[in-house]
Amino acid sequence: MQITVTINGKKYTEDVAPDLVLLDFLRAHGCYSVKRGCETSNCGLCTVHLNGKPVLSCSVLAVRADGKSVTTLEGLQKEAEEFGGFLADEGGEQCGFCSPGFIMNVLAMVRELENPSEQEIQEYLAGNLCRCTGYQSQLRAIQKYLAWKQEGTK
Amino acid sequence: MSYVNSRVRKKDAMSLVTGKPVYTGDLIPQNTLVVKLLRSPHANAFIEEINTAAALKVPGVAAIFTYQDVPTSRFTTAGQTYPEASPYDRLILDKHLRCAGDPVAIIAAETEAAALKAMNLIKVKYDVREPLLDFTKAKDNPILVHPEEDFKALCPVGADNRRNLCSTDVFEVGKVEEALSTCDVVLTRTYHTKANNQAMMETFRTYSYLDEYGRLSLVSSTQVPFHVRRILSNALEIPKSQIRVVKPRIGGGFGAKQSAVSEVYPAFVTLKTGRPAAIVYTREESMTNGSPRHEMQMTVRIGANKDGVIKAIDLYALSNAGAYGDHGPTTIGLVGHKSLSLYGGVEAARFACDVVYTNTMNGGAYRGYGATQGIYAVETAVNEMAAALHMDPCAIREKNMVLEGQVMRTYYNETCNSCTLDKCMAKAKEMMNWQEKFPAKVLENGHIRSVGVAMAMQGSGISGVDIASVEIRLNDDGFYTLLVGCTDMGTGCDTILAQMAADCLDCDIDRIAVRGVDTDQSPYDTGSYASSTTYVTGMAVVKTCEKLREKILEAGAKLLDIPVEDTEFDGKRVFCPGKDKEVSLSQIGYASFEGHNRCISASESHSSPVSPPPFMVGMVEIDLDPETGKVEIVDYAAAVDCGTVINRNLATVQTEGGIVQGIGMALFENIQYDKFGRMMNNSFLQYKIPTRLDAGKIRVEFESSYEPTGPFGAKSIGELVINTPAPAITNAIYNATGLYFRELPIRPEDIALGLLHKDEN
């Protein structure tokens with residue numbers, strides 16, 4: 001099937017197999033930040049933005065992205081560095097394998113929720129698994145990042 | 001000192017958080033063969049016939065290998081120092097399939113689709129036998145997991161394949177039976193811990209190719225590159241000189257990757273076909289055929305007097321090795337050494353164990369490595385003893401805990417040179433407000449808030465075995481290259497070793513470029529396991545820096561044309577105090593690259609005769625709903641003595657992460673098999689690891705002792721921190737319900753039913 005997908009601002013028109021998932025399509029186009037951590041849509045590692053909304057790219061067929069715009073961490077390098085700096089200052093990236101999907105969801109949350117409470121943050125990100133950190137340092141990083149963003153908008 | 005004990009960012013942090021392609025799976029070249037394994041559906045079977053003719057006709061299939069094609073030397077995939085304690089009990093592919101998922105055929109194809117299509121076309125006739133699944137019945141069972149004649153144990157670990165024994169051992173200090181007979185109270189309790197999957201986010205994966213010299217080169221997600229080189233040499237029957245192993249960034253290990261789980265398959269394909277080959281385990285494969293924590297059943301006999309003095313502990317542990325003996329004989333040792341030694345003053349202690357083969361997935365190394373299981377059993381028994389004596393569980397520990405200066409008779413007679421366990425207890429009580437919260441109170445909604453406590457220890461490297469080497473080179477312009485052989489798997493060791501080097505060399509940390517690991521280029525290191533990196537490799541860094549400083553002084557003195565005794569080095573220059581004579585490090589660096597016979601570099605190795613234990617106290621506050629039995633973690637207070645903290649951020653995150661893994665072990669995680677021996681919960685959908693909603697609040701404080709044999713006074717942190725949640729949560733559940741649950745995980749239904757039966761009685 002022929003599809004046209006915009007990846008990080010660049011348009012691609014290609015023939016793809018109908019059963020190709022978006023995750024594999026993106027990695028084939030050099031978006032190596034997109035990771036696979038499971039086969040059951042449980043881990044959140046493959047989170048990308050489809051027309052600005054976070055989706056699990058393992059559970060979206062590439063053909064479903066036809067005519068749509070996909071953003072991966074490769075397309076959000078400035079934001080990745082900004083929030084990633086807070087994460088790094090807590091030591092909260094550890095092995096880093098879950099970081100791209102987690103950061104994509106954090107950035108989606110920041111757009112979607114205004115002043116999220118601790119409970120709202122934890123619930124929004126509950127689908128992003130991490131085996132290294134115990135999540136505490138990630139929460140500290142998010143709260144510091146949100147405070148920094150608030151400072152910036154004053 | 002400016003970097004040690006501070007909060008330095010990890011050197012690789014920004015590349016990780018911006019999603020750079022730095023992991024094995026991101027580096028696989030184009031046109032690499034995709035390797036897939038046909039796995040056995042049976043837990044105990046022999047291959048009678050195998051026909052690959054139809055499968056080989058699938059377009060894109062490059063090769064299919066069966067047991068008839070592979071070398072016949074048995075080996076172990078356990079990454080350990082030679083001679084390995086783990087028996088040589090496996091082949092790359094074997095006619096005898098000893099657990100569900102054991103590989104039947106290796107398929108290499110141009111695409112994954114072709115490999116999977118071919119997999120479905122391989123015809124196998126199995127002679128299916130009854131599997132041995134119950135590890136409590138394995139010893140001397142007529143079903144033999146390893147009936148083969150060429151089963152081999154390199155070390156005298158008590159292995160006997162005719163009895164399904166992987167290893168057996170016993171040690172005793174004092175006279176246990178005599179001591180128990182004089183106690184006011186003796187309790188006998190049996191505990192059962194389950195197999196847990198490490199569930200690192202990056203599954204097992206490896207790619208291999210023949211390099212420009214025709215040598216077999218691997219890029220693999222491994223904690224043990226040098227051991228992998230030897231394991232491949234054993235398995236493939238090729239010289240070690242023909243093998244190179246490179247470790248890129250690793251997406252977590254927790255011990256799983258201390259076994260060569262995925263390496264042999266693509267390596268064999270590359271050797272046979274000459275082509276690059278890669279295997280990326282699915283999550284399902286990582287769950288069904290990984291290297292999980294050994295399931296154990298432990299019986300504790302503990303004796304104490306009415307005043308709370310513990311006089312004797314007798315511990316027997318039965319461990320399920322599964323189908324292969326990886327890490328079986330070594331893991332079990334820690335069950336005894338690292339639990340009994342928390343109670344330094346006991347009159348007598350004994351530890352006996354059996355490790356048995358069954359037709360379940362083989363175990364491996366998982367953070368804590370037996371100490372986790374042993375500490376759960378002994379700490380729970382101590383809590384039960386406290387209850388029997390109507391004592392506060394903290395008070396019984398304050399009476400009996402190991403103290404600095406004590407000789408630890410159950411820990412190779414090592415003297416406890418650094419220990420603030422007593423301070424950790426005081427600190428944890430203060431953090432948790434224990435006096436106020438112990439044992440429990442009922443909330444208005446009927447939920448019960450209760451607290452629980454446990455202590456823990458671990459080691460720092462394997463004494464007399466682990467070796468770490470580093471090399472530091474001075475380059476032009478005066479920057480350094482730090483070459484390490486230990487493997488950063490997200491833990492941050494590349495960074496903490498650079499912190500130590502920067503302090504030893506009085507320089508900015510950015511002046512130190514770190515590189516690891518490539519077995520062709522890195523200095524030898526046993527690898528990152530057994531909580532060895534900070535303590536053992538760290539000391540190698542300190543020694544290397546001392547040597548390098550001497551060489552820098554010599555070179556500076558020569559350039560200044562003055563005796564070396566008159567010079568000093570302050571990190572930026574070599575100078576003569578009181579005289580106007582100096583030469584910059586940059587000048588020394590440039591000069592060392594021109595026209596003489598001494599480039600400036602130093603390399604030292606370190607091995608420690610002791611393995612000083614880090615200690616901690618963990619206290620948990622839970623919220624228990626007596627109607628449903630649901631337990632939520634409200635608060636976790638951890639007071640940790642890891643010696644000097646090298647990086648406060650990383651040590652804190654290690655602690656938080658370890659505690660949450662321990663919470664998973666206590667409440668959720670359990671590898672389960674059906675009656676045929678097939679793993680039932682083989683995905684994250686069914687095998688639940690804690691999410692951020694399950695973790696509660698975790699607070700970490702350090703009560704640092706100073707370890708005289710460690711770098712900057714440091715011990716270790718990585719494994720210790722997983723050991724307190726299971727016993728502390730078990731204790732908190734008792735304090736809420738009056739019931740002791742002696743099998744993990746403790747599920748809501750266990751608690752709800754337990755309360756129901758308690759009411760009925």
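Computed quantities for the displayed model
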read-out: Candidate set: the range B:398-423, residues that are among the charged types (D, E, K, R) and without any contact (Cβ under 8 Å) to a residue 60 or more places away in the chain; chosen: the one surrounded by the fewest Cβ atoms within 10 Å (Cβ to Cβ); value: B:GLU398
read-out: Residue in the range B:204-211 that is among the small types (Gly, Ala, Ser) and either part of a loop (DSSP other than H, G, I, E, B) or free of Cβ contacts under 8 Å to residues at least 60 places away in the same chain (or both) present; value: no
read-out: For B:LEU334: the one exception among (1) in contact with a helix residue (DSSP H, G or I) (Cβ under 9 Å, 6 or more places away or on another chain); (2) surrounded by 24 or more Cβ atoms within 10 Å (Cβ to Cβ); (3) not charged (D, E, K, R); value: (2)
read-out: Entirely in the range B:1-78, the strands (runs of 3 or more DSSP E) that have 1 or more residues that are within 14 Å of another protein chain (Cβ to nearest Cβ) and either of a type outside the set (Phe, Trp, Tyr) or more than 30 Å from A:LEU26 (Cα to Cα) (or both); value: B:33-39
read-out: Filter result for the condition that a residue is open to solvent by less than 50 Å² (accessible area, probe 1.4 Å), farther than 28 Å from A:SER137 by Cβ, modelled with pLDDT of 95 or more and in contact with a strand residue (DSSP E or B) (Cβ under 6 Å, 6 or more places away or on another chain), over A:ILE3, A:ILE7; value: A:ILE7
read-out: Filter result for the condition that a residue is crowded, with 18+ Cβ neighbours inside 10 Å and farther than 30 Å from A:THR72 by Cβ, over B:VAL17, B:VAL70; value: B:VAL70
read-out: Qualifying position, being within 17 Å of B:GLY25 (Cα to Cα), outside the structural domain of B:GLY364 (by TED's automatic domain parsing), of a type in the set (A, V, I, L, M) and open to solvent by 10 Å² or more (accessible area, probe 1.4 Å), among B:VAL245, B:VAL261; value: B:VAL261
read-out: Single condition B:ASP314 does not satisfy, out of (1) within 14 Å of chain A (Cβ to nearest Cβ); (2) assigned to a strand (DSSP E or B); (3) acidic (Asp, Glu); value: (1)
read-out: So B:ARG275, is it assigned to a loop (DSSP other than H, G, I, E, B), open to solvent by 10 Å² or more (accessible area, probe 1.4 Å) and among the basic types (Lys, Arg); value: yes
read-out: Conditions (1) away from chain A (no Cβ under 14 Å); (2) open to solvent by 10 Å² or more (accessible area, probe 1.4 Å); number of the one not met by B:GLN654; value: (1)
read-out: Tally, over the range B:410-432, of residues that are assigned to a loop (DSSP other than H, G, I, E, B) and not hydrophobic (A, V, I, L, M, F, W, C); value: 7
read-out: Count of residues meeting criterion [over 20 Å from the mean Cα position of the chain (by Cα) and of a type outside the set (Lys, Arg)] in the range B:168-205; value: 23
read-out: Test: residue in the range B:661-672 that is surrounded by fewer than 24 Cβ atoms within 10 Å (Cβ to Cβ), assigned to a loop (DSSP other than H, G, I, E, B) and at the interface with chain A (Cβ under 7 Å from one of its Cβ atoms); value: no
read-out: Any hit, the range B:697-720, residues being open to solvent by less than 30 Å² (accessible area, probe 1.4 Å), touching a Leu at 6+ places or on another chain (Cβ under 6 Å) and of a type outside the set (Asp, Glu); value: no
read-out: Residue identified as surrounded by 18 or more Cβ atoms within 10 Å (Cβ to Cβ), closer than 23 Å to B:ASN196 by Cβ and more than 25 Å from the chain's Cα centre (by Cα) among B:ASN383, B:ASN359; value: B:ASN383
read-out: First in the range B:729-758 and more than 19 Å from B:MET432 (Cβ to Cβ) and open to solvent by 80 Å² or more (accessible area, probe 1.4 Å), second anywhere and basic (Lys, Arg) and not in a loop (DSSP other than H, G, I, E, B), Cβ under 9 Å, 6 or more apart; value: B:ARG742/B:ARG189
read-out: Yes/no for B:ILE92 being among the β-branched types (Val, Ile, Thr), over 30 Å from B:ILE332 (Cβ atoms) and touching a residue at least 40 places away in the same chain (Cβ under 8 Å); value: no
read-out: Which numbered condition B:ASP625 fails, given (1) surrounded by fewer than 23 Cβ atoms within 10 Å (Cβ to Cβ); (2) under 27 Å from B:PRO711 (Cβ atoms); value: (2)
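Yes or no, residue by residue, for (1) surrounded by fewer than 24 Cβ atoms within 10 Å (Cβ to Cβ); (2) in a strand (DSSP E or B); (3) on the phi > 0 side of the Ramachandran plot:
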position	(1), (2), (3)
B:GLN198	yes, no, no
B:GLU202	no, no, no
B:GLY214	yes, no, yes
B:LEU232	no, no, no
B:ILE238	yes, no, no
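The values are calculated or read from the model by the stated rules, or taken from the named source; none is laboratory data. A quick note: this is a predicted structure, and the numbers were derived from the prediction, not measured. Methodologically, a virtual Cβ is constructed for each residue, glycine included, from the backbone with ideal geometry; neighbour enumeration extends over all protein chains shown. Keep in mind that these areas ignore ligands, DNA and RNA; they rest on the heavy atoms of the full protein, side chains included. Shrake-Rupley method; radii C 1.70, N 1.55, O 1.52, S 1.80 Å.
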